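Chemist: What follows is a single structure, and I will ask about it in a moment.
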Amino acid sequence: MPSTRSQTQATIDFPRRKQSRTPVRSRGGCRDAPLNDPAVTLPPLSPQEKVLPLSPRKRLDDDNLCNIPQLLPCSPPKQSKKENELPTHSHGGRCLFSSEQPTGKSPSKRNDVVPSPLHKRQETPRSSRSHLNKKPVCMQLFKQEGSCYQQVKRVLHTAIPDRLLAREKEMDTIRCFLKEHVCGEKPGSLYISGAPGTGKTACLSRILQDFQKEQPGSKTLVLNCMSLSSSHAVFPAIAEQMGQQGASKTASRDLLRKLEKQLSAEGTPMTVLVLDEMDQLDSKGQDVLYAIFEWPWLAGSRLVLIGVANALDLTDRILSRLQVRPKCKPQLLHFPPYTKEQIASILQERLRQVPDDQVLDSAAIQFCARKVSAVSGDARKALDVCRRAIEIVELDVRSQTILRPLPGCKSPATPALVSPVPHRVGLPHISRVISEVYGDRLALGGGGANDHFPLQQKILVCSLLLLARQLKAKEVTLGKLHEAYSRVCRQQQMAAVTHSECLSLATLLEARGILALKKAKEARLTKVSLNIEEKDVEHALKDSALVGNILAGGRL
């Protein structure tokens, strides 16, 4: 039976279990060939090689090649100090890092450490030769130099210059006064007035420097009254400059007597006392100013007094008692504002000190002189405007770059580049700075969307202009101005503001630099005057239709 069953039952052949394949590269270039292929002959395994498990999870440590992360070209792996100390061996231009000593046989792929992209990108001898054969770069971008702007800004300073233009007549008057009173040992007083920036202090300082060299026996005392805490503090300041010790602790009456004795003592050299910003000594009853102006006329006085202030009528308006005593009345000298021709000549004279000046345009100089003379006639302001405009252009030029050859490059193929001509300061730059400095002082009219000047202020300025023409006076009282303003408003069928509101409008116009106010004890007696030339005010106000009709009528 068993033999019969074995003969009749079919035999089932189960497939054999596949053996694990070892990823061994064959000599013929075939990879991962199956073991049951009779056409492929596998070489015997060397004792150094080992069979890895089929699953990567069962591999340990470095055998788990599937868990090695792929390196990105831009981030090379960090290496420890031990890895950096391993010996390197060059094979065909590549650096290989190996943890074992090199042998005669070629190591297998499993034992090789995968080279990082950083090592693959190391220069080969061929690439280093091509780098050495490159031609040196002879051109490079440089920042533009601004030395020419620095030179021009240096000559446009506001300090006392060596030569003062357009003030020859005033300087001759001061020299004649000093020679007459100091050299002739004759006491006297001089009052110098003028708007800020008209050269009063500069001319006087230049003359006193030269005069001290000519008359070394005289003594000069200069005091700026702006630095004093009060008007009566002028006496201790003068006493300290004259050599009196402890003058600040002495009573004012005793100190005044000591000063009078010292100024009138025999053998005392002629003393020139200069009080700058003299209007700051304004006090109740004006006792300080009266006492100072009486010093030159004391018996045996050796004092020559020179006062400097902005107000034109300081001695007539504040020191009215000096009119009764003509002997004590000082000699007057007025410095008028600079005209546009004088400001232009001052700027051009300064620019001649710079060789080959190509910075300021001639049209820009004329424009600056015309605008500044129309507003204030301040030469210092014109110098500041030009210097500020040069700084704007200089910052723009320094932010740019130009292509220039290197200093040590002498290649014949390098073109000879000439330094470009710097940017010139033109009308747009001067106009921009003037608008920043003066604001709306020149923008009285317009009537457009950008006209923010109130109508009541325009009518007040227009009334002042007509009243000054009618009375032929530069200054009018606030009471008369309010009456003229009220008549103009009635003619135009408009509501006029009250007297107190009119004072507020005048104060706002003074803050904008259009009007000048000289306050008095009573508000109605406050003197009002234009701080801008009448032609410029009329030209600006004509742009408005309503104010233009008021000016065209010409009547109050």
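Read-outs throughout are calculated quantities, based only on the coordinates presented, and are distinct from any laboratory measurement. In this text the structure is predicted, and so the values were computed from the model without any measurement. Note that each Cβ is placed from the backbone with ideal geometry, even for glycine, and that neighbours are counted across all protein chains shown.
Chemist: Ordered by packing density, taken as the mean number of other Cβ atoms within 10 Å over each peptide's residues, highest first, how do 189-196, 211-218, 277-284 rank? Please list the in-between numbers first.
Modeler: Working: 189-196: 21.1, 211-218: 13.0, 277-284: 17.0.
Taking the mean over residues of other Cβ atoms within 10 Å, the ranking is 189-196, 277-284, 211-218.
Chemist: With only alpha-carbon pairs counted, each pair once and no self-pairs, how large is the Kirkwood hydrodynamic radius of the range 196-319 in angstroms? Don't skip to the answer; put the middle values down first.
Modeler: On the way: mean 1/r = 0.0651 Å⁻¹.
Hydrodynamic radius (Kirkwood, Cα only) of the range 196-319 equals 15.4 Å.
Chemist: For the range 323-359 and the range 168-215, what is the separation of their Cα centres, given in Å?
Modeler: 14 Å
Chemist: Sticking with this one: So what are the ³J(HN,Hα) numbers for the range 375-389, from phi and the Karplus equation (6.51, -1.76, 1.60; θ = phi - 60°), rounded to whole Hz, Gly and Pro as x?
Modeler: Couplings: 8, 9, x, 8, 5, 5, 5, 5, 5, 5, 5, 5, 5, 5, 5 Hz.
Chemist: Using just the Cα positions, wrap the range 144-222 in a convex hull and report its mean projected area in square nanometres, one decimal place.
Modeler: 7.2 nm²
Chemist: What residue among Ala239, Pro196, Pro330 has its Cα farthest toward the positive end of the dipole of the range 168-335, where the charges are +1 on Lys, Arg and -1 on Asp, Glu, each on the Cβ?
Modeler: Ala239
Chemist: So for the pair Glu341, Ser504, with labels modelled 7 Å out along Cα→Cβ, what separation do we get in nm?
Modeler: Once both label points are built, they end up 4.6 nm from each other.
Chemist: OK, next. Between Thr268 and Glu240, 0.36 nm times their residue separation minus their Cα-Cα distance comes to what?
Modeler: Difference between extended and current length: 8.4 nm.
Chemist: Multiply the residue gap between Glu185 and Gln358 by 0.36 nm, knock off their C-alpha separation, and tell me the result in nm, one decimal place.
Modeler: 57.1 nm
Chemist: I would also like to ask the following. What is the spin-label model distance, in nm, from Lys327 to Ala233 if the labels are put 7 Å beyond Cα along the C-beta direction?
Modeler: 3.5 nm
Chemist: With label points built 7 Å along Cα→Cβ from the Cα atoms of Glu391 and Leu471, find their separation and express it in nm.
Modeler: 4.2 nm
Chemist: Search the structure for amide H atoms under 5 Å from the amide H of Thr220, placed 1.01 Å from N in the peptide plane, and list their residues when 5 or more places away or on another chain.
Modeler: When sequence neighbours closer than 5 places are left aside, the close amide H contacts are Val272.
Chemist: Work out Dmax and Rg for the range 279-350 from the C-alpha atoms and quote the Rg first, both in angstrom.
Modeler: For the range 279-350, the Cα-based Rg and Dmax read 16.6, 50 Å.
Chemist: Listed here are the pairs Lys340/Lys474; Lys213/Lys261; Lys179/Lys258; Lys458/Lys527; Lys284/Lys329; which of them are more than 23 Å apart at the Cα?
Modeler: Result: Lys213/Lys261; Lys179/Lys258 exceed 23 Å.
Chemist: To continue, here is another question. Determine the gain in length on full extension of the stretch Thr173-Glu436; use 0.36 nm per residue of separation and subtract their C-alpha separation, reporting nm with one decimal.
Modeler: 90.9 nm is the gain from fully extending Thr173 to Glu436.
Chemist: Right, another one. Assuming R0 = 45 Å, what is the FRET efficiency of Leu525 and Gln150, from their Cβ-Cβ distance, to the nearest 0.05?
Modeler: Calculated transfer efficiency: 0.30.
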